[in-house]
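Written out below as structure tokens is the structure these notes cover.
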Amino acid sequence: MVQSQTTEQIASRYIRFAENESQGRSPLYEELAHGVAKDPSALAFLAELPYAKQQPNLLFAAVRRVCGTPINIQDFRRSLASRPDEIREVMLNRRTQTNEPARCATLLPLLALLPQPLALLEAGASAGLCLIPDRYSYCYNGVDVEASSSADARPPRFLCTTNQQTLTPRANVEVTWRMGLDLEPVSLRDDEQVAWLETLVWPGEENRLALLRQALEVARTDPPTVVKGDLRTDLPRLAALAPKDATLVVFHSAVLAYVSSEQDRTEFAQTVSQIDAVWIANESPRVIPGITEQAAKACLQGEFLITQDARPIACSDPHGKSLRWL
């Protein structure tokens, strides 16, 4: 009975992914997610894994890494059946550290309103690609914002659609200090780790992959520092290193869903509140501590909620394509 309940919950999770996340973005992932939800063998395979390792992004990326990208659900089933041990090993040893640099397009309008210069401290930084918003270029409804910090590599240009309420920045930000914190930092000098980041980009989003590769080249010219640690315990130590003459910003994107419990997320929020910093969260509304049901309903299905010091500011596309100021 427990096994049946577990597989039913997993199936529901994959249906939600198909309907709320991959629909309109990746036809292949939408097909695979619906197919897994109906496949007893795939569900049994997932049920043997820890909850955090059952997520669609991780399964699909692991299959692609081991067997190549399937062309349809039948091809996916053959791949999973032929090499389950290798796929399981990848899933157990890897994390979905997507490190989507385009999210900087939805964070920049908030960052630009703060007193400059900035000191950036990112929780769950992966390879640190979101720590260098000043090295990227942006276009908001035809309004261009150029990189304020030069690099030898050509910066990617992220397009972001905004509503009339959004305070579009007229210039990029000035960053004088930056540091990331991650349970398993991704090294930009490790080709295998970088290849995994690229595998996490969904089929059908080739432009997103091209922009990721541009961001990687920019980051490699002067890699941001990302240290190994836990956001629940190590933030104060790193915050103490920030220069006092800069506005310290603690921020994170799509990270709190991987914090194990609501209590841990609440304790994290309490820790951040005790740091003399601006706190910016870009997360699913359901995992941001202290957010009211009314605030959560302001965002459309699948959108993230951006908050500043626990105050709702905007709704954003998870991959940085749109921003709706509230």
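The values are calculated or read from the model by the stated rules, or taken from the named source; none is laboratory data. As the structure is a computational prediction, the values presented were derived from the model and not from experiment. In this analysis, Cβ positions are derived from the backbone assuming ideal geometry, glycine residues included, and neighbour counts consider all displayed protein chains.
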- Task: Output the residues belonging to segment 82-120 that are of a type in the set (A, V, I, L, M), part of a helix (DSSP H, G or I) and touching a helix residue (DSSP H, G or I) at 6+ places or on another chain (Cβ under 9 Å).
- Result: I87, V90, M91, L92, A102, A105, L107, L108, L111
- What are the pairs, 6+ residues apart or on separate chains, where a residue within segment 234-263 that is of a type in the set (D, E, K, R) has its Cβ under 7 Å from a residue that is modelled with pLDDT of 85 or more and surrounded by 11 or more Cβ atoms within 10 Å (Cβ to Cβ)? D234/L181
- Of the numbered conditions (1) surrounded by fewer than 18 Cβ atoms within 10 Å (Cβ to Cβ); (2) hydrophobic (A, V, I, L, M, F, W, C); (3) in contact with a strand residue (DSSP E or B) (Cβ under 6 Å, 6 or more places away or on another chain), L113 satisfies every one except a single condition; which is it? (3)
- Task: Could you grab me the full set of residues in segment 289-312 that are β-branched (V, I, T) and either modelled with pLDDT of 85 or more or touching a His at 6+ places or on another chain (Cβ under 7 Å) (or both)?
- Result: I306, T307
- Checking L46 against (1) touching a residue at least 24 places away in the same chain (Cβ under 8 Å); (2) surrounded by fewer than 19 Cβ atoms within 10 Å (Cβ to Cβ), which test does it fail? (2)
- When D309 is evaluated against the numbered criteria (1) within 23 Å of Q97 (Cα to Cα); (2) of a type in the set (D, E); (3) surrounded by fewer than 20 Cβ atoms within 10 Å (Cβ to Cβ), which criterion, by number, is the only one it fails? (1)
- Task: Restricting attention to strands (runs of 3 or more DSSP E) lying wholly within segment 252-324, give those where 2 or more residues are among the polar types (S, T, N, Q) and closer than 22 Å to A242 by Cβ.
- Result: 304-308
- Query: Is it fair to say T168 is out of contact with any Lys or Arg (no Cβ under 9 Å at 6 or more places or on another chain), farther than 30 Å from Q270 by Cβ and hydroxyl-bearing (S, T, Y)?
  - Reply: yes
- Query: Could we say that A147 is among the small types (G, A, S), surrounded by fewer than 19 Cβ atoms within 10 Å (Cβ to Cβ) and either in contact with an Asp or Glu (Cβ under 7 Å, 6 or more places away or on another chain) or not assigned by TED's automatic domain parsing to the domain that holds E217 (or both) here?
  - Reply: no
- Item | Scan of segment 105-127 for residues that are of a type outside the set (A, V, I, L, M) and modelled with pLDDT under 95, ordered by number | G124, S126
- Can you tell me which residue in segment 161-192 is nearest to R25 (Cα to Cα), limited to those that are crowded, with 16+ Cβ neighbours inside 10 Å and within 16 Å of the chain's Cα centre (by Cα)? V186
- Message: Tell me yes or no: at least one residue of segment 59-69 is in a loop (DSSP other than H, G, I, E, B) and over 19 Å from the mean Cα position of the chain (by Cα).
- Response: yes
